[in-house]
Amino acid sequence: MSERVEGLLLDARHMKQGHRSAAATDMTYGAGSVVSTGDQRVFPEAGMPARNAYQLVHDSLRFDGDPALNCATFLTSWMEPEAEKLIIENLGKNRVDIDEYQATERIHRRCIAHLHNLWRGPPGQDSTGTVVVGSSEGIMLGGLAMKWRWRARRKAAGKDASRPNIVFGANAQVALEKTARYFDIEARLVPVSTESRYVLDIHKAIEMVDENTVGMFLILGSTYTGHYEDVIGMSKLLDKLQAETGLDIPIHIDGASGAFVAPFAHPDLHWDFRVPRVVSISASGHKFGLTYPGIGWVVWRSAEYMPQDLTFELSYLGGVEKTFTLNFSHPACFLIAQYYQFLRYGREGYARIMNGCLDNARLLSVALEATGVYACVSDIHRPRGQFGFSEETRLAASKLLLDVGNAPCTDADPAPNARFNYGLPEVAFRFANWFIEQHPNADQEVISTLMRVRGWIIPNYPLPPHADTIRILRVVIKEASSEDFVDRLVRDIVWATQAMLDLDTQQFGEALLKPLPASKFTANLAHSIIRMNKGAATSQEKHAHLNSIVDKIGEHRQDTAAKRDPAMGFADGNTRKTIHYKSC
């Protein structure tokens, strides 16, 4: 009997004793959820050979989605083999054991110094910060430091310090709300709107500030739409408030994603320590920091903004160590991998990567709007200062993309970005109004589900409170995403859209099965759709436009698709393009 079969039989004996299968149990669990499903599975009495244990776990993980096609996550899903080798070599190290792992601690300090410099910390100041498990922990430490400094000022002035509050937008990631709840701070959520571009409205925010406000959280890159919040505008309003009332309100920047994008792609944007009110910045190394999860960072402007009472000294590990993290144990391997990325890419390499991500996100945005079916809620593809979807902004974005694409520049040059709106390489989109009117039963959740058929993970969810009547699909473009990735994604979104429309006249199975056997890949599809872009059109003309795109893809004409050669050409102006078929 083989070891694998023996192991499978052993696991089967455990289940036969009245324990439910792992697969059935796992389906009821959520991330971080409290297990209360009545599961009585006990810890195994007997073990099994290593190869069998590996195979059982390996096989059960086949039910996970493909990280490369997970468009929902901001997290890094690919690193170079050399980086992975460093991670494996250092898996056993605990970052906090600085006396035992002094070389690792030196790397830690270098990373903090690099980030203090990257985020324009005051020259001549010693860098103060720490690596954390993720930017969520960094946000909590930043909020906690602001609370303690506020409380110390209140007590020194003989004033009540029992009712602290903190102000941030309703678009905030849950870590900001956790900070308020866990540390007993009143959360004052600022409503978002179309006018505020679904992020914090600085004019409404200033109205919520009072003497009990410990500080404000501003988000550099909203999870929902990728928009940056107006740090300079908020700071100016707080300056005016201080001049009128004496209230000195600090700002913590939640740069979970944007703090590794803006310095390279948008160096002209003042959001960091160049803004005097910014006292701390947190970021995720495992997002656009290009490192596997979980690692994050929090850096303070200077040591005075990090209360010493939050620092603990301990000596029971050998030597005297200081710590001011929430989590004591923390793998050192991802810190080392982050340092590898800093050395590997440098400023030029990071700039090249972030520019590439933005280029592909803009290509996807313009191509989706050029189908006529979708409107983008994100604005990174629009000319600087133009916001919101209309025929005018759609055509302007298309023209700008083509103009910039034809202008020579280096991959690391951020200059072309100055012609577009600020934001993350994120595409938030929805059905266009005309499409909803023509197809009142159209459901974006169906698009999300159909995309799963082809392996894509694209969430469909409502915008923040006060704008939650609008639901959006969202795609995050990361380092591993390419133009080929965008072409393939556009093709499958068009396929899903047509399959959804076919559901009005066909059974669900027919709509799904008909195009799948003829799954073709169309090279340069996104650019081709953009060049087919039309001006104002009637609903009938827009439907005809969608049909012409479907014809080019060749997936919904099964009767003719089989007769086509493995590669075919079509005229694109004076340029000859080639469509290469490739399995999806």
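The values are calculated or read from the model by the stated rules, or taken from the named source; none is laboratory data. As the structure is a prediction and not an experimental result, all values here were calculated from the model. With ideal geometry, Cβ positions are generated from the backbone for all residues, glycine too; neighbour counts draw on all protein chains shown. Heavy atoms of the whole protein, side chains included, go into the accessibility calculation; ligands, DNA and RNA do not. Shrake-Rupley method; radii C 1.70, N 1.55, O 1.52, S 1.80 Å.
Listed residues R419, R488, R454; which is out of contact with any Pro (no Cβ under 8 Å at 6 or more places or on another chain), surrounded by fewer than 22 Cβ atoms within 10 Å (Cβ to Cβ) and farther than 17 Å from L546 by Cα?
After applying the criteria, what remains is R454.
Considering each residue of the range 187-201, count those that are open to solvent by 20 Å² or more (accessible area, probe 1.4 Å) and closer than 22 Å to Y305 by Cβ, and give that number.
Count: 2.
Could you please let me know if A442 is within 23 Å of G226 (Cβ to Cβ) and touching a residue at least 12 places away in the same chain (Cβ under 8 Å)?
On the way: within 23 Å of G226 (Cβ to Cβ): no; touching a residue at least 12 places away in the same chain (Cβ under 8 Å): yes.
In short, no.
When the range 450-468 is examined, which residues are found to be under 30 Å from T538 (Cβ atoms), touching a strand residue (DSSP E or B) at 6+ places or on another chain (Cβ under 9 Å) and either modelled with pLDDT under 95 or of a type in the set (A, V, I, L, M) (or both)? Before you say what the answer is, go through the steps one by one.
Let us first name the residues in the range 450-468 that are under 30 Å from T538 (Cβ atoms), namely 450-451, 458, 460, 463, 467.
Of the ones still in play, those that are also touching a strand residue (DSSP E or B) at 6+ places or on another chain (Cβ under 9 Å) are 451, 458, 460, 463.
Selection gives M451, I458, L463.
Please go through the range 158-181 and give me each residue that is surrounded by fewer than 13 Cβ atoms within 10 Å (Cβ to Cβ) and within 26 Å of N327 (Cα to Cα), ordered by number.
Kept after step one, since they are surrounded by fewer than 13 Cβ atoms within 10 Å (Cβ to Cβ), are these residues of the range 158-181: 158-160, 162-163, 174, 181.
Residues satisfying the conditions are V174, R181.
Identify, by number, the condition in (1) within 20 Å of A72 (Cβ to Cβ); (2) modelled with pLDDT of 95 or more that V174 doesn't meet.
In the conditions (1) within 20 Å of A72 (Cβ to Cβ); (2) modelled with pLDDT of 95 or more, V174 misses (2) alone.
Given the conditions (1) open to solvent by 20 Å² or more (accessible area, probe 1.4 Å); (2) in contact with a helix residue (DSSP H, G or I) (Cβ under 7 Å, 6 or more places away or on another chain); (3) at pLDDT below 95, and given that M306 satisfies all but one, which numbered condition is not satisfied?
All conditions are met except number (1).
Assuming V34 fulfils every condition listed in (1) surrounded by fewer than 15 Cβ atoms within 10 Å (Cβ to Cβ); (2) more than 30 Å from R474 (Cβ to Cβ); (3) at pLDDT below 60 apart from one, which condition is it?
Going through (1) surrounded by fewer than 15 Cβ atoms within 10 Å (Cβ to Cβ); (2) more than 30 Å from R474 (Cβ to Cβ); (3) at pLDDT below 60 one by one, V34 breaks only (2).
Would you check which residues across the range 59-93 are in a helix (DSSP H, G or I) and at pLDDT below 95 and list them? Lay out the reasoning, then the answer.
The initial filter retains those residues of the range 59-93 that are in a helix (DSSP H, G or I), namely 59-63, 67-69, 81-89.
Once the filter is applied, which keeps residues that are in a helix (DSSP H, G or I) and at pLDDT below 95, the range 59-93 yields D59, S60, L61, R62, F63, P67, A68, L69.
How many of the residues making up the range 129-157 are open to solvent by 60 Å² or more (accessible area, probe 1.4 Å), under 15 Å from W300 (Cβ atoms) and of a type in the set (K, R)?
Residues in the range 129-157 being open to solvent by 60 Å² or more (accessible area, probe 1.4 Å), under 15 Å from W300 (Cβ atoms) and of a type in the set (K, R): 1 in total.
Of all residues in the range 94-113, which are part of a loop (DSSP other than H, G, I, E, B), open to solvent by less than 60 Å² (accessible area, probe 1.4 Å), farther than 20 Å from S135 by Cβ and among the charged types (D, E, K, R)?
The first filter runs over the range 94-113 and keeps only residues part of a loop (DSSP other than H, G, I, E, B), leaving 95-101.
If we keep only those that are open to solvent by less than 60 Å² (accessible area, probe 1.4 Å) as well, we get 95-98.
Those left that are additionally farther than 20 Å from S135 by Cβ: 97-98.
Of everything in the range 94-113, just one residue is part of a loop (DSSP other than H, G, I, E, B), open to solvent by less than 60 Å² (accessible area, probe 1.4 Å), farther than 20 Å from S135 by Cβ and among the charged types (D, E, K, R), namely D97.
If we keep just the residues of the range 236-260 that are touching a strand residue (DSSP E or B) at 6+ places or on another chain (Cβ under 8 Å) and assigned to a loop (DSSP other than H, G, I, E, B), which is farthest from V174 (Cα to Cα)? Let's see the steps before the verdict.
Narrowing the range 236-260 to residues touching a strand residue (DSSP E or B) at 6+ places or on another chain (Cβ under 8 Å): 238, 247, 249-260.
If we keep only those that are assigned to a loop (DSSP other than H, G, I, E, B) too, we end up with 247, 249-250, 255-257.
Numbers: L247: 27, I249: 22, P250: 21, G255: 14, A256: 12, S257: 14 Å.
For the range 236-260, the residue satisfying everything is L247.
Mind checking which strands (runs of 3 or more DSSP E) fall wholly inside the range 156-221 and carry at least 2 residues that are touching a residue at least 40 places away in the same chain (Cβ under 8 Å)? Show your work before the answer.
Values: elements: 165-169, 186-190, 213-219.
Counting at least 2 such residues, we get 165-169, 213-219.
What are the residue pairs meeting all of these: first residue in the range 381-405, first residue in contact (Cβ under 8 Å) with a residue 40 or more places away in the chain and of a type in the set (A, V, I, L, M), second residue open to solvent by less than 40 Å² (accessible area, probe 1.4 Å) and not in a loop (DSSP other than H, G, I, E, B), Cβ atoms under 9 Å, and 6 or more apart or on different chains?
L401/R362; L401/L363; L401/S365; L401/V366; L401/F420; L401/I530; L402/V366; L402/I530
Would you say T291 is touching a Ser or Thr at 6+ places or on another chain (Cβ under 9 Å) and either closer than 23 Å to Q338 by Cβ or open to solvent by 10 Å² or more (accessible area, probe 1.4 Å) (or both)? Before the answer, list the steps.
Details: touching a Ser or Thr at 6+ places or on another chain (Cβ under 9 Å): yes; either closer than 23 Å to Q338 by Cβ or open to solvent by 10 Å² or more (accessible area, probe 1.4 Å) (or both): yes.
Judged against the criteria, T291 is a match.
Among (1) of a type outside the set (V, I, T); (2) touching a residue at least 40 places away in the same chain (Cβ under 8 Å); (3) assigned to a helix (DSSP H, G or I); (4) over 30 Å from H330 (Cα atoms), which single condition is R153 missing?
The failed condition is (2).
Could you please let me know if S222 is buried (at least 22 other Cβ atoms within 10 Å of the Cβ) and either over 20 Å from G138 (Cα atoms) or at pLDDT below 95 (or both)?
Working: buried (at least 22 other Cβ atoms within 10 Å of the Cβ): yes; either over 20 Å from G138 (Cα atoms) or at pLDDT below 95 (or both): no.
When the stated conditions are applied, S222 does not pass them.
Take the residues of the range 369-416 that are charged (D, E, K, R) and open to solvent by 30 Å² or more (accessible area, probe 1.4 Å): which is farthest from R197 (Cα to Cα)?
The extreme case among them is D411.
Pairs under 9 Å by beta carbon, first residue on the phi > 0 side of the Ramachandran plot in the range 452-469, partner open to solvent by 60 Å² or more (accessible area, probe 1.4 Å), six or more apart or different chains?
From residues that are on the phi > 0 side of the Ramachandran plot, the pairs are G455/D66; G455/A68.
Which condition does N355 not pass, out of (1) open to solvent by 30 Å² or more (accessible area, probe 1.4 Å); (2) among the polar types (S, T, N, Q); (3) within 17 Å of L290 (Cα to Cα), if it passes all the others?
(1) is the only condition that N355 fails.
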